[in-house]
Amino acid sequence: MVDYALIGKGIRRVDTTAKATGEALFSADLKLPRMLVGKILRSPYAHARIVHIDTSKAERLPGVKAVITGKDVPDERWGVFRYTQDQRFLPVDKVRYVGEEVAAVAAVDEDTAIEALKLIDVEYEELPAVFDIESALKPDAPLIHDAYPGNINISVDINVGDVEKGFLESFYIREDAFEAPEDSYFQGEPYAVVAHFDSSGNLEIWMPNAGPHLKAKPLSNVLKIPLNKVRVRKITIGGAFGGRSEISPADVICAFLAKKSARPVKIVYSREENSIATRQAHSMKATIKTGVDREGRVLARDITCYMDGGAYSSTGPIAVSVPFLCMEQAYRMDNVRYRGYRIFTNKPIRGMFRVHGRAFACGIDLQLDLIGKELGFDPLEMRLKNARRPGDYTPTKSKVVSCGMVEAIERAAEKARWREKWDRLPPYHGIGIGCNSVQTGFPMGIRGGSQAFIKFNEDGGVTVITGIVDNGQGNDNMIVQIAAEELGLKVEDIQLINADTEVTPSDPGSYSMCETFVGGNAVRLAAQDAKRKLLKIASEAMKVEPERLAMRDRKIYVIDRPQEAISISRVVRMALSRRENISGEGSYWPKVDSNREWVTNPFGQLSETFSFGAVIAEVKIDPETGKVDVLEVTAAQDVGYAINPKVIEGQFEGGVAMGGQGGMLSEKVLWYGGRVLNPDQLDYMVPIAPGMPKINDIIVETNDPGGPYGAKEAGMSVAMSAAQAYASAICNALGVYIHEFPLTPDKILKAIKEKEEGKNR
Amino acid sequence: MRLPPFEIFEPKTKGGGFNLLNRYKGDIKVISGGTELVVLMKDGLLRPRYLMSLKNIKGLKGIRRKGRSLIIGCATPLEEIIKSREVKSLFPALVDACILVAAPPIQNRATIGGNILQDTRCIYYNQTEIFRNGLEPCLKGGGNLCRAIKGGKRCFSVYQSDIAPVLIAYDAKVKIESKGESKSMPIMELFTDKGEKPFTLEGDELLTEIEIPIPGNGGKGIVTYKKFRVRDGIEYPFASAAAMVSINGGGQENVVLVIGACGASPKRLSFSFSEGDTIEAKMGEILDGVDKKTVAIDNLALPGEYRKEMFKIMAKRAIKDAYDLIRKEKTL
Amino acid sequence: MKRNVILRINNEEYTVLTKTNRTLLEVLREDLHLTGTKEGCGEGVCGSCTVLLDGRPVRSCLLLVTEAEGREIKTIEGLAKEGRLDPIQEAFIEHHAIQCGFCSPGMILTGYALLKENPRATEEEIRFAISGNICRCTGYVKIVEAIRSLSTSEGRR
């Protein structure tokens, strides 16, 4: 065990004092001189041709400073990949969902902007629309994009080993279908953008983002200005949860309004706009056929999955793949076929979500329960028999370097007293388990690496410069904790400049669970670079070899004679008097297979390492109402190493709330055609404080050889496996397996009644 | 979210208020807690030209005794009712219901009058302009169609007050005042049972007081309230039931049941039993009655079929609790 | 229609010339730059806009600015005294009860008001008190712990 000064300690986060006092500024809090209010006109139709837009009345309204339509924005199309670029930031030909951006205004105040929107006349020619996968796939279905015949956006086909042979050799085979409607992020902070051009044509822009550089590039493309003129600024961000990684039409619209009006413009989304006009998560139908041997080990799997992608590609290829990848990482499956399809419909656009693919993951896990029931193994045994182990390769050829899946399962089972409880709980009580694995990033080409700089001041203080962004999960603190540890400084000695595209170097962003692993490594390397320079000077001054020196408590000291020490600030001044500056640079590029491609070549090292988690939930069901009381949840995850255990616990607990309590008990988008009926937290039932279960956090550490201090991912595994554990526990309590999620009280009551009727028959 | 424009009056006397209501009848809305009105206005569902604030009018707030009744002023916040020892000892189920309304910060502002006169709700109606744009207005929105039921000719929006069912069970009356007029009526008479216009109140009338009779020593009834919601906070009831069980000297038991979140008005049922009847027999009859008298359709976030089932479960639990409390009192 | 509205916020008096169709939230954020109070839904559901009105938490998004006249308003900016954080703020930081921070001002004020009124608040009472404040990050565990750490009730953790 290494004796760290700060790493591994649950120190206070550096960002939370400002958040506790109201000082922290979110995008909507910004106010610039002469700033205007921007508002967006949205399509009232799910599918319609735009015949004509007349903005003249709006332009004449006093107080209106700019009106824009698709004609004002160059024909640059957004899509994460070259082959999925299908979304114009303001469409000119047709609209494809209710809520799509059609025009925008900037005015002196909000009331004027709202009035101006009403003065824009848009003539539409309504087209037939489709709102679900089945209708979109019908031969006579209206075509949403000319470039995508049959409304099939993305197809992924992965075939590994010999699936047919595997089934032939299987002792028991079953096929089940699982489905779940759309879920949604409901970040605390509704989306907001502030944009401002200076007289030299530099754009300054603030918005919640999960990667400022990922926002800057499409802005540079559409505005036709070089990247060094696009300054995505750091701002406090009120949650992302997988969203907010992509450019939003609001970013582009705000920039064009600012350009046209030559004044700063702020657009603040309403809660409803945040729910319909930013990304939402996919609805999903997964058919899973699994064959096992006599011992319950999986010999073959054949999975087909359809996802409703809404109107545009967004992160399509990634979204289709990730649910499968998480499961192929979590469980051994040597012979497997996966066919995934993302289908276009006339609904708002879907993106990546922290609990992406609940139907898929819960399906895999529930089916293991069902198979175990046939063969006489409990869910825990089924998980252990099939759990991923270190040294394995995943079916799509990623090596699993470190893996604490078995330890996570065992420790969760021990804490939850699984073996005492299984099969011994009273009626309508149940216990269940879910396992998952998440990537720490994936191949991102030229955007896959992170770089950091460190600068020393003469007083021994430090400034760290990195592109890492904090969405609320504590990344700012992670950077500071690493830099302070490496340099033997106090947290307060570190100043942070991050997530600002003008000054900070490139970074992949926080949405792929790689900030600690990739960005954290870069910060650590930069600190080590500066440290090397300091130690060299100190070694000369102290007449001791640099290898025998260490840094702690603002001092450089001799390891075996700690009383022989010299202050860091003195060493910096020594360097300066020798006309040498102390600074550091570090870059980290994860060891991934850059030839891997989501659709054309889904093989090779996907991520340098993976996290593994297991959640056990214990529930009690009210058999008269179907309401679930979650008694206790135990969340265990192999996070590699906990740089700050309190932060990790927060991720686990938030994950249980989002994936389990919300994701499996209540959260679903309700529709009226293409309209969202519940864009608010009243009818989209995010969890609240009463009713949350007791949560046990178990941090499993496998010390990944590539991770900073051994750290991996911590934010997503628990959220996913909590959904699975809740589903498994509820079905165990009911003795009935429900195949449609979330497990709302009405569905549970229906299952209870059907079971009783079955008994009476 | 912005409010549409309006002019606000802040009269200092009741008389001044009634004059304003009379003068701007149809164009004026009363605001006190604002917890519902402001939302409806932000959603663009209400666009009154004038608002009348009750904040400066004395005598509309507070809890006092008058003879054999307790009077609660219409502008009394729920929080004051929750904290009132008198209400707690005389009408504990009213406190229970107030605690179940939304969440504490809402209870701190929302008033009892506003809660009783809350508009009926429907997931297809309580939406913003973004939702409504491009759609025909529904019956409640002044149009001719119903989105919840294809071909529906009347509005099925749901009255979701937690408090009204309990007040009905307590036999409360309301005082309605307008310019130069004052009347008192059983609270049930407030309801039209029509989703389009749920209340009998005219635009110039104000519900000023709630009067709850204090039961005499002999025939004290027990009232209980049960609410179904998915999470234990924030939500309106998806189904609720208030029960009043009283036993008179001759051993006759009277049960009054009020079902909430069922159509555009609370549904009141009454039963009477003799002491000899088994609880199973009583419950069977009551639940049959609930089944016959309740309808629920798919116009809230939970399916109608399920909500209809929950009316019975809430009724059963409310009645069971009431009987348990009576038994407990007897043994004490 | 505009008029002068006199507001008492964090022990200071402000005179604001404003249209009357505005909420306290809008005036706090737009006119007085007290942006610690957040708009999360604008419809009284999420609790991000919580301020204290005469010591009690209310939704500032549902409160007409004219209705707040003559009342004592406290926002998150008014909690720290002379640069020293209030113990509830310290507790939220220490217990990691803050992640993204968007719900924090409302949550902290709600916790503050609860403990003023009920210094012995139990876990159940705390959960009820914050039942109208939605947090999407923490699962509420550490928020409850933070408030509980200042409660004098027996058996606190």
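When accessible surface is computed with a 1.4 Å probe, chains C and A are found to bury approximately 3700 Å² between them, both chains counted. Within the shell defined by Cβ-Cβ distances under 13 Å, the residues around residue A:68 carry a net charge of +3, with Lys and Arg each +1 and Asp and Glu each -1. Loop-resident trypsin sites (Lys or Arg not before Pro) (DSSP state other than H, G, I, E or B) in the stretch A:415-473 with no more than 16 further Cβ atoms inside 10 Å of their Cβ: A:417, A:424. Per the Cα gyration tensor, the stretch A:73-219 maps to an equivalent ellipsoid with semi-axes of 41, 23, 17 Å, ordered largest to smallest. Here the Karplus relation 6.51 cos²θ - 1.76 cosθ + 1.60, evaluated at θ = phi - 60°, turns the backbone of the stretch A:173-181 into coupling constants of 10, 9, 10, 9, 10, 10, 8, 8, x Hz, with x for every Gly and Pro.
Of the residues B:237, B:303, B:77, the one that moves most in a GNM of chain B with alpha-carbon contacts below 10 Å is B:303.
Classify chain A as rounded, prolate or oblate, taking a ≥ b ≥ c as the square roots of the eigenvalues of its Cα gyration tensor: rounded when a/c is under 1.5, otherwise prolate if a/b is larger than b/c and oblate if not. Oblate shape, in that a/c is at least 1.5 and b/c is the bigger or equal ratio. The interface between chain C and chain B buries about 2700 Å² of solvent-accessible area in total (1.4 Å probe, ligands and nucleic acids excluded). Counting protein heavy atoms only, chain B has 50 percent of its accessible area on carbon and sulfur, 1.4 angstrom probe. Under the convention that each Lys and Arg Cβ holds +1 and each Asp and Glu Cβ holds -1, the size of the dipole of the stretch B:215-332 around its Cα centre is about 280 debye. Please give me the summed charge of the neighbours of residue A:703: other residues whose Cβ is under 11 Å from its Cβ, Lys and Arg +1, Asp and Glu -1. Every neighbour counted, the sum reads -2.
Cβ neighbours within 10 Å, averaged per peptide: list A:607-615, A:693-701 in order, most packed at the top.
Working: A:607-615: 32.3, A:693-701: 20.3.
Listed from highest to lowest mean packing, they are A:607-615, A:693-701.
With 26 Å as the limit on Cα-Cα distance, the pairs of A:19/A:259; A:694/A:750; B:14/B:227; A:215/A:533; A:285/A:347; A:627/B:140 that go past it are A:19/A:259; A:694/A:750; B:14/B:227; A:215/A:533; A:627/B:140.
Averaged per residue, the stretch B:109-237 has 39 square angstrom of accessible surface, using a 1.4 angstrom probe with ligands and nucleic acids left out. Taking the chain by itself as reference, the stretch A:721-761 contains these residues with an accessible-area loss of 10 Å² or more in the full protein complex (1.4 Å probe, heavy atoms): A:745, A:746, A:749, A:753.
Highest GNM mean-square fluctuation among C:102, C:128, C:92, for chain C modelled with Cα contacts below 10 Å: C:128.
GNM on chain B, alpha-carbon springs under 10 angstrom: the most fluctuating residue among B:152, B:276, B:15 is B:276.
Over the stretch B:121-277, Cα pairs under 8 Å with separation of 6+ residues give a relative contact order of 22 percent.
Taking other residues whose beta carbon is less than 14 angstrom from the beta carbon of residue C:134, and scoring Lys, Arg as +1 and Asp, Glu as -1, yields -2. Once you have a ≥ b ≥ c as the square roots of the Cα gyration tensor eigenvalues for chain B, tell me rounded if a/c is under 1.5, and otherwise prolate or oblate according to whether a/b is larger than b/c. Oblate, because a/c is 1.5 or more while a/b does not exceed b/c.
Go ahead and collect, in residue order, the members of the stretch A:322-363 whose backbone nitrogen is under 15 Å from a label point 7 Å along the Cα-Cβ direction of residue A:304. It comes to A:337-343, nothing else. Loop-located trypsin sites (Lys or Arg not before Pro) in the stretch C:25-70 (DSSP state not H, G, I, E or B) with no more than 14 neighbouring Cβ atoms inside 10 Å do not occur. With a 10 Å cut-off around each Cβ of C:118-124, the average count of Cβ atoms from other chains is 0. For residue A:108 and residue A:49, the FRET efficiency from 1/(1 + (r/R0)^6), where r spans their Cβ atoms and R0 equals 35 Å, is about 0.55. Our coupling estimate for the stretch A:490-500, obtained by passing each phi through the Karplus curve with A = 6.51, B = -1.76, C = 1.60 and θ = phi - 60°, is 8, 3, 6, 7, 9, 9, 10, 10, 8, 6, 10 Hz, Gly and Pro reported as x. Annotation: amide H-H contacts under 5 Å for residue A:696 (H modelled 1.01 Å from N, sequence separation of 5 or more, or interchain): A:633, A:634, A:635. Starting from the Cα of residue B:90, move 7 Å in the Cα-to-Cβ direction to define the label point; list residues of the stretch B:150-170 whose amide nitrogen is under 16 Å from there. Correct set: B:167-170.
Based on protein heavy atoms only, the stretch A:12-96 ends up with 43 Å² per residue of surface accessible to a 1.4 Å probe.
The phi-based Karplus calculation (6.51 cos²θ - 1.76 cosθ + 1.60; θ = phi - 60°) puts the 3J(HN,Hα) values of the stretch A:443-459 at x, 10, x, 6, 9, x, x, 10, 10, 9, 10, 9, 10, 9, 8, 5, 8 Hz, whole numbers, x for Gly and Pro.
Other protein chain C-beta atoms within 10 Å of residue C-beta, averaged over A:108-115: 2.
Loop-resident trypsin sites (Lys or Arg not before Pro) (DSSP state other than H, G, I, E or B) in the stretch B:1-96 with no more than 12 further Cβ atoms inside 10 Å of their Cβ: B:12, B:58, B:68. Per-residue shielding of C:65-74, expressed as the average number of other chain Cβ atoms within 10 Å of the residue Cβ, stands at 3. Put a dot 7 Å past the Cα of residue A:295, heading toward its Cβ, do the same for residue A:140, and the two dots end up 5.6 nm apart. Is the stretch C:4-72 best put as rounded, prolate or oblate by its Cα gyration tensor, with a ≥ b ≥ c the root eigenvalues, rounded for a/c under 1.5, and otherwise prolate when a/b is larger than b/c, oblate when not? Prolate, because a/c is 1.5 or more and a/b exceeds b/c.
Considering only protein heavy atoms and a probe of 1.4 Å, how much of the accessible area of chain A is carbon and sulfur, as a whole percent? Spell out each step's value before the answer.
On the way: 12490 of 25340 Å².
Reported share for carbon and sulfur atoms: 49 percent.
Of the complete DSSP H runs in chain A, those spanning 27 angstrom or more by Cα along the long axis with a mean Kyte-Doolittle score not below -1.0 are A:520-542. Contact order, relative form, for the stretch A:233-318: 21 percent (alpha carbon pairs under 8 Å, 6 or more residues apart, mean separation divided by residue count). Normalising the average separation of contacting C-alpha pairs (under 8 angstrom, six or more residues apart) by the number of residues puts the relative contact order of chain B at 16 percent.
The values are calculated or read from the model by the stated rules, or taken from the named source; none is laboratory data. Being a predicted model, the structure only gives us computed values, none of them experimental. Please note: Cβ atoms are built from the backbone with ideal geometry, for glycine as well, and neighbour counts cover all protein chains shown. Please note that ligands, DNA and RNA were not included when accessible areas were found on the heavy atoms of the full protein model with its side chains. Shrake-Rupley method; radii C 1.70, N 1.55, O 1.52, S 1.80 Å.
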